[in-house]
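J.: One structure, pasted below without further comment.
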Amino acid sequence: MSRLKYAFLALGLLAGSVASNCLADPLVPINAENIRTDQVLGIQSHGCGHVIHLLMKSRMLRESGQLGFGGPMFNPQLGAWQKPGDLQLLGVCLVADACDTAGPIYQIQLQNNSEIPVGNFRISAVGTCGQIQPFSPTAVITVPRIEAGAILDLQIQLPLSCLSIHNPGGAAIAFDTLIVAIDSFDELIECNETNNILILNRGEVAPLVVQEATVTEEATIETTTPPVTTTAPPVDGNVAAPSTPTSPMDSIDLDDLDLGEAEQTAVRLR
């Protein structure tokens, strides 16, 4: 039996032994005490052997044409069979570049393509000069919880030592390759283990675009109503001048009055 078959046999036995735990409550990090100790000692960089292991596992799965643990698993907590979940690394953006006193900050976006929430898994970011080494500058953060189907954005900062990595020639140079891995300690059983890692050229990581909210101010336009003027209808295409108020007596035409009887009376009186 080839070495590859032995590896997958061991992987199958391991999956069967911890499947129920992965589908139950979120796992507690196995080296949580080491992380706390590193913080107390002021150690700014963790070893990245776990990321190397994940890279090798992902390569083996791709070579064999597999993605991960595809079969259903029995969950004793629910008394039912469940399909393994999946965490997917969606992308990485640059939040702040490195300076003289701090390493660069990256924003990582991941999605939980599972039917249940998961948590207490870790994300690792490694800065390398081409080839990864067991003690390449590494940052590790813990994800407390992500709901089923949710998308989560997290920020992680590489240690300052990523700016002075000793190459084989002995010169200290800045990192040129960024490796990001979710579930980096391989604590969860997933149906797709190959979408947990991204290897990026440092110069190709796009900066984070912050969408500013646009505030639309509605302008209040005050309109004044002009006074209503009465104009006579146009005659023969000429516009008549505005009419002025008239007296009722002005409409009486003296030439049209019938004054015959009055004139006769006046004659008799003479």
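The values are calculated or read from the model by the stated rules, or taken from the named source; none is laboratory data. Values in this document were obtained by computation on a predicted structure and should not be read as measured data. Cβ atoms come from the backbone with ideal geometry, glycine included; neighbour counts cover every protein chain shown. We work out accessible area using only protein heavy atoms, side chains counted, and drop any ligands, DNA or RNA first. Shrake-Rupley method; radii C 1.70, N 1.55, O 1.52, S 1.80 Å.
J.: 5 Å is the cut-off here: which amide hydrogens, built 1.01 Å from N in the peptide plane, fall below it relative to residue 190, excluding neighbours closer than 5 in sequence?
T.: HN-HN under 5 Å from residue 190: 69.
J.: In nanometres, what is the gap between the two model label sites at residue 209 and residue 173, each 7 Å from Cα along Cα-to-Cβ?
T.: Distance between label points: 3.2 nm.
J.: In nm², what is the average projected area of the convex hull enclosing the Cα atoms of region 83-134?
T.: For region 83-134, the mean projected area of the Cα convex hull comes to 5.7 nm².
J.: I would also like to ask the following. Projecting each Cα onto the charge dipole of region 140-205 (Lys/Arg +1, Asp/Glu -1 at the beta carbon, about the Cα centre), which of 200, 157, 167 comes out farthest on the positive side?
T.: 167
J.: Another question, if that's okay. State the percentage of accessible surface on region 147-190 attributable to carbon and sulfur atoms; use a 1.4 Å probe and exclude ligands, DNA and RNA.
T.: Carbon and sulfur: 57 percent of the exposed surface of region 147-190.
J.: With an 8 Å Cα cut-off and a minimum separation of 6 or more residues, compute the relative contact order for region 115-195 in percent.
T.: 38
J.: When only DSSP loop residues count, what trypsin sites (Lys or Arg not before Pro) in region 121-202 have their Cβ near at most 16 other Cβ atoms within 10 Å?
T.: 145
J.: A further question follows. Give the accessible area for residue 160 in Å² (nearest 10); use a 1.4 Å probe, count only protein heavy atoms, and leave out ligands, DNA and RNA.
T.: 60
J.: Any chance you could run the full-extension gain for residue 40 through residue 153? It's 0.36 nm times the residue separation minus the Cα-Cα distance, nm to one decimal.
T.: 38.0 nm
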